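One structure is given here, and the rest of the page talks about it.
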Amino acid sequence: PDRPKSMASDAEEDCAICLEAVAQCTVLPCNCKVSYCTGCWDRALAVSFNHYGLARCPTCRGPVRVDFDAATSRLEFTRDLEATQAEAEAEAEQAAASARCAAARSAMEEGGPTNDPEEALARSADEDEAERLRRNAQRQAAAQRKAAAVSRLLQQAKPVQVKNLEQFGEQRPWLREVARTPEALASFPSAELDEVLGRWAGPPPPACAAEDAEAAGPADDATLPAAKRVLLLAGGPRRVPGLLVSLGLRGAGTPTCVCGSLLERMAGLDRMRAAFKDAIAPYGVLDAAIREHYFEQMIRNGDPLVVCDLCSNNVDSKGAVWTCKNGNSTILHATAYDVCDACFVKYTCGLEDEPEAVAAAEDAAAGCAQAEP
């Protein structure tokens with residue numbers, strides 16, 4: 001949230017990070033007296049969260065709790081009292097452990113029972129084990145707090161993201177028509193579909209089913225009707241709306257993310273590869289062949305590299321996904337934001353309450369793709 005200009009001083013304030021003048025400064029949850037523009041404050045919290053698992057004020061390093069108000073579509077910042085208490089307890093435990101070590105050393109120097117080498121060694125081993133367990137418990141607690149923060153923000157933001165997609169579909173009624181009735185695609189002017197197909201750069205995506213391609217021809221076969229080529233390129237009727245939007249049919253535009261940025265559609269495999277690259281970045285540069293080997297192994301194992309933030313299902317490597325261009329640079333979704341193609345169609349085309357219509361569309365489109373031109 002921003003501090004109203006009437007609450008700011010008469011003098012123009014500069015952001016402590018970008019040094020640009022800001023008319024509305026972020027209201028800080030701590031006692032810091034510096035000014036931040038909303039963008040820099042947001043990114044600073046996201047960087048802190050990604051590096052340390054906790055959003056912190058960039059000045060005093062105090063823990064910050066972040067919530068999203070769906071009614072106003074604004075972030076709210078307060079002191080993270082739970083994290084503050086956990087840190088205080090950890091510091092107290094560390095001080096107690098240091099005191100015990102100091103007492104043991106003092107006893108050894110003065111002589112006495114602990115001067116026995118074997119007893120001293122055993123005591124040292126016990127202290128080391130206790131320290132290891134204490135640190136592991138702290139790391140686990142921190143990981144749980146981070147996961148809880150991510151989950152809380154996603155749940156708070158979900159209604160707004162769903163509404164964004166629903167409004168996007170309402171403003172483009174042809175999307176619902178295409179999703180519900182595969183034959184509707186054939187009613188589009190061929191020239192219009194040909195123009196859209198011409199915007200596709202590269203070979204058919206992995207989403208294109210191999211058996212359909214063999215039965216009806218490749219998606220780039222210009223001798224096929226344009227509607228059938230679109231269906232083949234999409235890889236199925238439920239993927240047609242997303243493909244047509246991403247290629248700009250009828251000036252479709254781009255759906256917006258809950259953070260205010262734009263969602264872009266990309267192949268599921270490409271998104272998973274990018275997520276894998278980000279995941280291994282902290283471990284240094286790996287040989288390209290080794291990196292690819294591990295990536296392919298994770299794909300074969302079905303590891304959840306990318307999860308839809310609306311339905312919580314794993315993104316299909318052979319499908320498509322809508323991902324926010326903001327990536328992890330906002331605290332609202334500091335671990336990136338993804339919407340699977342199924343959820344995109346579900347909310348933009350309003351098919352959630354009509355499973356029979358969806359199933360009929362799937363069957364009809366499958367028959368259309370396998371028919372001879």
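The values are calculated or read from the model by the stated rules, or taken from the named source; none is laboratory data. Everything numeric in this text was worked out from a predicted model, so none of it was measured. Neighbour counts are summed over all protein chains in view; Cβ atoms, including those assigned to glycine, are modelled from backbone coordinates with ideal geometry. In case anyone asks, the SASA skips ligands and DNA or RNA and just uses the protein heavy atoms, side chains included. Shrake-Rupley method; radii C 1.70, N 1.55, O 1.52, S 1.80 Å.
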Return yes or no: is residue 35 within 20 Å of the chain's Cα centre (by Cα), buried (at least 20 other Cβ atoms within 10 Å of the Cβ) and not aliphatic (A, V, I, L, M)? no
If I filter segment 277-298 for residues that are surrounded by 14 or more Cβ atoms within 10 Å (Cβ to Cβ), under 13 Å from the mean Cα position of the chain (by Cα), under 20 Å from residue 162 (Cα atoms) and not hydrophobic (A, V, I, L, M, F, W, C), do I get at least one hit? no
Scan (1) at pLDDT below 85; (2) touching a helix residue (DSSP H, G or I) at 6+ places or on another chain (Cβ under 6 Å); (3) among the small types (Gly, Ala, Ser); (4) farther than 30 Å from residue 51 by Cα for the single condition residue 90 breaks and write down its number. (4)
The lone exception for residue 258 - which of (1) modelled with pLDDT under 85; (2) farther than 21 Å from residue 351 by Cα; (3) surrounded by 20 or more Cβ atoms within 10 Å (Cβ to Cβ) it fails: (1)
Filter segment 317-335 down to the residues that are part of a loop (DSSP other than H, G, I, E, B) and within 16 Å of residue 269 (Cα to Cα), then identify the one that is most open to solvent (accessible area, probe 1.4 Å). 318
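For (1) within 22 Å of residue 70 (Cα to Cα); (2) out of contact with any His (no Cβ under 7 Å at 6 or more places or on another chain); (3) in contact (Cβ under 8 Å) with a residue 24 or more places away in the chain; (4) not charged (D, E, K, R), each residue gets a yes or a no:
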position	(1), (2), (3), (4)
297	no, yes, no, yes
319	no, yes, yes, yes
322	yes, yes, yes, yes
333	yes, yes, yes, yes
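Quick grid of which residues meet (1) under 25 Å from residue 23 (Cα atoms); (2) modelled with pLDDT of 70 or more:
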site	(1), (2)
46	yes, yes
55	yes, yes
73	yes, yes
85	no, yes
98	no, yes
111	no, no
Does residue 24 satisfy the condition of being out of contact with any helix residue (DSSP H, G or I) (no Cβ under 8 Å at 6 or more places or on another chain) and modelled with pLDDT under 90? no
Condition check: out of contact with any Cys (no Cβ under 8 Å at 6 or more places or on another chain), β-branched (Val, Ile, Thr) and within 25 Å of residue 65 (Cβ to Cβ). Does residue 306 satisfy that? no
Return the total of residues in segment 302-320 being within 18 Å of residue 257 (Cα to Cα) and of a type in the set (Ser, Thr, Tyr). 1
Test for residue 313: is it under 19 Å from residue 50 (Cα atoms), touching a Cys at 6+ places or on another chain (Cβ under 7 Å), at pLDDT 90 or above and open to solvent by 30 Å² or more (accessible area, probe 1.4 Å): no
I'd like the residue in segment 166-183 that is over 25 Å from the mean Cα position of the chain (by Cα) and free of Cβ contacts under 8 Å to residues at least 12 places away in the same chain and, out of all such residues, is surrounded by the most Cβ atoms within 10 Å (Cβ to Cβ). 177
